[in-house]
Amino acid sequence: MAVESLKGSDTPKTIAIYPVQWRSRIYAIAGMDILLGITIVVTLGIGSIDVPFGTLFQLLLAKLPLVHIQPTWTNNTEIIIFDIRLPRILLAGLAGAALAVAGTTYQGLFRNPLADPYFLGVTQGAALGAVIGFMLPAWQMGSIPLLAFVGAVSAAAMVYAIAKVGRTLPMTTLILAGVAIGAFLAAITSYLMIVSGDSLHGIISWLLGSFSLTNWWQVAIATPYILVGIVIIWLYARPLNVMQLDEEQAQQLGINVEQVKLILLGAATLITAAAVCFCGIIGFVGIIIPHTIRLIWGPDHRFLLPLATLAGAIFLILADTAARTMLAPTEVPIGVITAFLGAPFFLYLLRQKKRAIF
Amino acid sequence: MFNLRLDNVSLGYGKQTVLRNVSFEAKPGEMLGIIGPNGSGKSTLIRGITRLIQPGNGKIFLNSSDISDINRQKLAKLVAVVPQNPTLPEAFTAFEVVLMGRTPHLGLLSYEGKKDLAIVKRAMESTQTLAFAERRVGELSGGERQRLTIARALAQEPKIILMDEPTANLDINYQIETLNLARQLCRKQKLIVVVTLHDLNLASQYCDRLVVLSQETVYCQGIPQAVINAQTIKNVYGAEVYVYPHPVNKLPATLIVSNKDK
């Protein structure tokens with residue numbers, strides 16, 4: 001807000017001016033929407049077979065109703081674009097958005113810049129579920145996402161039940177319970193990995209994350225969970241801001257703190273579980289994306305959450321594109337890419353702006 | 001007329017009782033001081049009035065409604081708190097923190113409109129915080145943060161402001177400035193201001209009435225001239241002091257004396 005515009009009024013009923021940062025943040029949200037669209041279209045064309053932009057555009061137009069274009073492409077190209085690349089890009093975008101928003105939410109709730117799904121044992125629960133899935137007979141491999149999802153959600157529920165004291169949920173107890181349960185689950189996972197024999201390679205690939213097996217039904221299942229969860233979290237942006245004070249002040253400002261905690265933890269856990277159950281564990285997105293946005297556009301969750309959603313989606317689509325093209329035809333695990341590209345960029349930003357970001 | 005009334009209230013945490021049989025009233029335009037030794041329950045009283053803890057006994061009334069029947073959001077439109085040493089998120093700007101005061105007036109689907117921004121601006125004008133509206137909270141001094149939390153309380157547009165040790169950690173100039181501001185708001189906007197204080201001289205100079213807490217209950221209450229005297233202070237704090245009329249306005253002034261020569 002320009003201080004000048006605030007001062008320069010002479011009537012007591014002053015005319016409020018919207019802060020200038022708000023405008024720049026709204027432009028940033030609009031800009032990122034466009035950037036996300038461009039990213040999706042451009043990455044669609046990149047891969048084992050490069051599809052020229054013109055052909056890609058015609059392909060997309062032809063999918064619209066009432067548009068008839070004489071195909072200049074092979075049937076194979078159409079299958080690669082619509083049945084292989086598009087679902088993969090969409091799931092990567094959804095997962096990136098979910099992980100970035102969940103990270104932002106956990107960090108806001110715990111008032112801890114390092115908070116992520118590991119804090120509640122969500123990630124370790126998902127890993128255990130997946131590893132159990134890998135050890136089942138081969139014809140049951142399809143149950144891996146379901147087991148990972150159940151593992152993630154039940155780990156969080158267990159942590160919640162243990163940490164609850166009467167009708168309140170002390171956040172410190174929650175973190176401690178989460179760390180303890182997470183360690184316990186990780187121990188079981190490690191043991192199972194040792195005795196897993198032939199499945200070990202598959203397990204390690206899953207633990208490092210990959211979108212290589214994405215298909216349309218995965219997108220169809222993940223989309224409602226992730227979109228609904230993200231919208232719920234967006235609605236609670238203002239209460240989340242107020243909770244950056246402390247719980248006592250938040251209550252005195254009219255926030256039903258226990259209810260907000262339950263809703264936000266539930267939503268963040270659900271979207272994390274929906275994301276990781278299909279693509280495996282992808283670290284770092286939930287840490288670097290929220291902090292990068294905070295560094296550039298400030299800590300106000302009303303802007304931070306939408307910006308993190310979009311930036312998370314863009315980041316993971318780009319990372320997945322790198323994962324499938326860098327060493328093609330070999331796939332690089334996406335967790336390797338996110339940390340390898342993300343960490344230096346984040347460190348650079350951290351050095352640029354040495355001020356409070358949280 | 002809007003008023004705050006405590007009727008035989010007991011407050012505590014779990015089984016431990018901190019205050020019992022507390023009764024007092026405050027009216028609009030009145031500045032009520034709560035004094036008493038460390039641990040006498042001043043902050044507990046503020047927690048009780050904002051329903052952070054439930055009274056074990058007795059009732060707290062706003063107008064004639066029991067505050068247990070008022071939901072948290074409605075209560076925050078009526079009662080605002082200026083906490084002692086509040087945690088404020090460092091990366092937020094001063095303006096953003098004051099804007100949080102509008103929270104009880106906004107639903108999940110509404111957003112801050114022109115009216116809210118105008119109220120925030122006025123609150124910042126009257127607390128002289130507008131000059132650093134754009135600065136980050138982490139860069140502000142203790143006095144600036146204190147004024148910021150007062151601005152936030154004003155942005156709530158409450159009927160009652162509860163101030164917990166607003167002068168602790170402030171130098172003498174800011175102490176006077178803060179209490180002048182509190183009294184001015186109290187008179188002009190017909191607010192009830194309840195303020196807990198350690199400094200007996202500030203209490204006597206600024207408050208219309210004082211409630212003295214001691215031994216888990218109200219020791220006495222009344223206008224400063226009736227309450228502050230050497231005997232009361234000896235009984236409540238256990239300290240030997242001299243009380244004499246202030247040379248300018250005749251309000252009781254407390255003087256300490258060291259006993260190193262004895």
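Looking at (1) crowded, with 21+ Cβ neighbours inside 10 Å; (2) within 14 Å of another protein chain (Cβ to nearest Cβ), which one does B:TYR206 not meet, given that it meets all the others?
(2)
Take the conditions assigned to a helix (DSSP H, G or I), modelled with pLDDT under 90 and among the aliphatic types (A, V, I, L, M) and apply them to A:ILE203. Does it pass?
On the way: assigned to a helix (DSSP H, G or I): yes; modelled with pLDDT under 90: yes; among the aliphatic types (A, V, I, L, M): yes.
So A:ILE203 passes the test.
Just checking: which of the helices (runs of 4 or more DSSP H) contained wholly in the stretch A:212-259 hold 3 or more residues that are within 14 Å of chain B (Cβ to nearest Cβ) and in contact with a strand residue (DSSP E or B) (Cβ under 9 Å, 6 or more places away or on another chain)? Steps first, please.
Values: elements: A:216-235, A:237-242, A:247-252.
Once the helices (runs of 4 or more DSSP H) in the stretch A:212-259 are filtered for at least 3 residues that are within 14 Å of chain B (Cβ to nearest Cβ) and in contact with a strand residue (DSSP E or B) (Cβ under 9 Å, 6 or more places away or on another chain), what remains is A:247-252.
Of all residues in the stretch A:266-281 being in a helix (DSSP H, G or I) and either within 24 Å of A:GLY298 (Cβ to Cβ) or of a type outside the set (A, V, I, L, M, F, W, C) (or both), which is farthest from the other protein chains (Cβ to nearest Cβ)?
Going residue by residue through the stretch A:266-281, those that are in a helix (DSSP H, G or I) are A:266-279.
From the residues that got through so far, the ones that are either within 24 Å of A:GLY298 (Cβ to Cβ) or of a type outside the set (A, V, I, L, M, F, W, C) (or both) too are A:266-269, A:271-272.
On the way: A:GLY266: 16, A:ALA267: 13, A:ALA268: 17, A:THR269: 20, A:ILE271: 18, A:THR272: 22 Å.
Checked the stretch A:266-281; the qualifying residue farthest from the other protein chains (Cβ to nearest Cβ) is A:THR272.
Listed residues A:THR77, A:THR172; which is modelled with pLDDT under 85 and more than 14 Å from chain B (Cβ to nearest Cβ)? Show your work before the answer.
Values: A:THR172 fails: modelled with pLDDT under 85.
Matching residue, one of A:THR77, A:THR172: A:THR77.
If you scan the stretch B:98-118, which residues turn out to be in contact with a helix residue (DSSP H, G or I) (Cβ under 6 Å, 6 or more places away or on another chain) and not acidic (Asp, Glu)?
B:VAL98, B:LEU99, B:MET100, B:GLY101, B:ARG102, B:THR103, B:PRO104, B:LEU108
Kindly evaluate A:GLY31 against the criterion of being modelled with pLDDT of 90 or more, of a type outside the set (Ser, Thr, Tyr) and within 24 Å of the chain's Cα centre (by Cα). Before you say what the answer is, go through the steps one by one.
On the way: modelled with pLDDT of 90 or more: yes; of a type outside the set (Ser, Thr, Tyr): yes; within 24 Å of the chain's Cα centre (by Cα): yes.
Yes, satisfied.
Which of (1) basic (Lys, Arg); (2) touching an Asp or Glu at 6+ places or on another chain (Cβ under 9 Å); (3) surrounded by 22 or more Cβ atoms within 10 Å (Cβ to Cβ) does B:LYS121 not meet, given it meets every other one?
Answer for B:LYS121: the failing condition is (2).
Between residues in the stretch A:284-307 that are more than 12 Å from every other protein chain (Cβ to nearest Cβ) and in contact (Cβ under 8 Å) with a residue 12 or more places away in the chain and residues that are basic (Lys, Arg) and surrounded by fewer than 24 Cβ atoms within 10 Å (Cβ to Cβ), which pairs lie under 8 Å by C-beta distance while being six or more apart or on different chains?
The qualifying pairs are A:LEU307/A:ARG25.
Condition first: farther than 21 Å from B:GLU144 by Cβ and among the basic types (Lys, Arg). Now tell me which residues in the stretch B:178-213 satisfy that.
The answer is B:ARG187, B:LYS188, B:LYS190, B:ARG209.
Just give me the residues in the stretch A:340-351 being surrounded by 16 or more Cβ atoms within 10 Å (Cβ to Cβ) and either free of Cβ contacts under 8 Å to residues at least 24 places away in the same chain or within 16 Å of A:PHE211 (Cβ to Cβ) (or both), in sequence order.
A:LEU341
For the stretch B:75-158, give me every one of the helices (runs of 4 or more DSSP H) that falls completely inside it and has 2 or more residues that are facing another protein chain (nearest Cβ under 8 Å).
Values: elements: B:94-99, B:114-126, B:142-155.
Ranges flagged: B:94-99, B:114-126.
Would it be correct to say that A:LEU59 is under 28 Å from the mean Cα position of the chain (by Cα) and away from every other protein chain (no Cβ under 14 Å)? Even if it seems obvious, please write down each step before you answer.
Values: under 28 Å from the mean Cα position of the chain (by Cα): no; away from every other protein chain (no Cβ under 14 Å): yes.
No.
Name the one entry in A:VAL131, A:VAL150, A:VAL122, A:VAL195 that is out of contact with any Leu (no Cβ under 9 Å at 6 or more places or on another chain) and crowded, with 20+ Cβ neighbours inside 10 Å.
Values: A:VAL131 fails: out of contact with any Leu (no Cβ under 9 Å at 6 or more places or on another chain); A:VAL150 fails: crowded, with 20+ Cβ neighbours inside 10 Å; A:VAL195 fails: crowded, with 20+ Cβ neighbours inside 10 Å.
After ruling out the rest, the residue left standing is A:VAL122.
Restricting to the stretch A:251-260, what's the tally of residues that are within 21 Å of A:VAL101 (Cβ to Cβ) and surrounded by fewer than 24 Cβ atoms within 10 Å (Cβ to Cβ)? It would help to see each step written out before you state the result.
Of the residues in the stretch A:251-260, the ones within 21 Å of A:VAL101 (Cβ to Cβ) are A:255, A:257, A:259-260.
After this cut, where a residue has to be surrounded by fewer than 24 Cβ atoms within 10 Å (Cβ to Cβ) as well, the list is A:257, A:259-260.
Residues in the stretch A:251-260 being within 21 Å of A:VAL101 (Cβ to Cβ) and surrounded by fewer than 24 Cβ atoms within 10 Å (Cβ to Cβ): 3 in total.
Mind checking which residues of the stretch B:153-177 are in contact with a Pro (Cβ under 8 Å, 6 or more places away or on another chain) and surrounded by fewer than 23 Cβ atoms within 10 Å (Cβ to Cβ)? Let's see the steps before the verdict.
Initially, the stretch B:153-177 is screened for residues in contact with a Pro (Cβ under 8 Å, 6 or more places away or on another chain), giving B:156, B:159, B:164.
The answer is B:LYS159, B:ASP164.
If the requirement is being more than 15 Å from the chain's Cα centre (by Cα) and at pLDDT 90 or above, which of these qualifies: B:SER40, B:SER23?
Details: B:SER40 fails: at pLDDT 90 or above.
Among B:SER40, B:SER23, only B:SER23 is more than 15 Å from the chain's Cα centre (by Cα) and at pLDDT 90 or above.
B:LYS188 - would you say it is crowded, with 23+ Cβ neighbours inside 10 Å and free of Cβ contacts under 8 Å to residues at least 12 places away in the same chain?
It is false that B:LYS188 is crowded, with 23+ Cβ neighbours inside 10 Å and free of Cβ contacts under 8 Å to residues at least 12 places away in the same chain.
The values are calculated or read from the model by the stated rules, or taken from the named source; none is laboratory data. Just so we're clear, the structure is a prediction, and the values are computed from it rather than from any experiment. Don't worry about glycine lacking a Cβ; one is built from the backbone with ideal geometry, like all the others, and counts go over all protein chains shown.
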